[in-house]
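Written out below as structure tokens is the structure these notes cover.
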Amino acid sequence: MTFPFFIRPARIDDREAVDGLFERSYPELLPKDYDSETLDAALPLITRAQPALLTSGTYFLAECVATDEVVGAGGWTDFSPVRGTGDARQAHVRHVATRADWVRRGVAKALVDVILASAEAYGIKRLSCMSTHTARSFYREMGFAEWGEVELTLAPGVHFPAVQMQMALAE
């Protein structure tokens, strides 16, 4: 089956396009699972691309074939989004998003498949993920297991409820 998008590694000059993706995704998709007070505080922080991810070599973009617009993004790093390092064979799924008007077209699944293959190629044995409540069932369908509810500190005084999830990769 041919998809109307392709996936490629992100570059630092994709920052504006990724910001646009996050701005078109999170405000539309998250309100069904988060109250307005939480989103008012979190959205200005989570709708910005992280330069370290864009230059990591393990962060990927899904682009529409017809328009070259970024319709999805996601990747992994061997450093934790909560500012720590851990086991060298464990990595962390980072900032996966699909543009709201592209949900249910296979974009997120294709991105996660690329993330899994890339992580395995680097010798990663376990992936963890801090999922939004909105994406919880998607990650379950992809094979991640829930480890529990967490509250991420996005900035001083800005807390965001999430679900810690993990997946073992092929040995």
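The values are calculated or read from the model by the stated rules, or taken from the named source; none is laboratory data. In this text, all values refer to a predicted model and were calculated from it rather than measured experimentally. No Cβ is skipped: glycine too gets one built from the backbone with ideal geometry, and neighbour counts run over all protein chains shown. Heavy atoms of the whole protein, side chains included, go into the accessibility calculation; ligands, DNA and RNA do not. Shrake-Rupley method; radii C 1.70, N 1.55, O 1.52, S 1.80 Å.
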Legend entry - Sorted peptide list for 32-40, 55-63, criterion being average Cβ within 10 angstrom, highest first: 55-63, 32-40
Inset, instruction - Would you be so kind as to identify which of L39, V70, I124 lies farthest towards the positive end of the dipole of the chain, taking Lys and Arg as +1 and Asp and Glu as -1 on Cβ and the Cα centre as origin? - result: I124
Inset, instruction - With only alpha-carbon atoms counted, please give the Rg and Dmax of the range 94-171, in Å. - result: 13.4, 40
Legend entry - Solvent exposure of the range 86-171 as accessible area per residue, Å², 1.4 Å probe: 49
Legend entry - Per residue accessible area in Å² of the range 1-76, where ligands, DNA and RNA are left out and the probe is 1.4 Å: 52
Legend entry - Charged-residue dipole, Cβ positions (Lys, Arg, Asp, Glu), the range 30-171 about Cα centre, Debye nearest 20: 200
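Considering only the chain, what is the antiparallel percent among its DSSP beta bridges, to the nearest 5?
90
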Inset, instruction - Evaluate the Kirkwood expression for the hydrodynamic radius of the range 1-70, namely the inverse of the mean inverse distance over all pairs of different C-alpha atoms, and round to one decimal in Å. - result: 13.3
Legend entry - Calculated from backbone phi, Karplus (6.51, -1.76, 1.60) coupling profile of the range 49-58 in Hz, x at Gly/Pro: 5, 9, x, 4, 6, 4, 9, 6, x, 10
Inset, instruction - Let me know the Kirkwood hydrodynamic radius for the range 16-171, please, with Cα pairs as the basis and the value in Å to one decimal. - result: 15.8
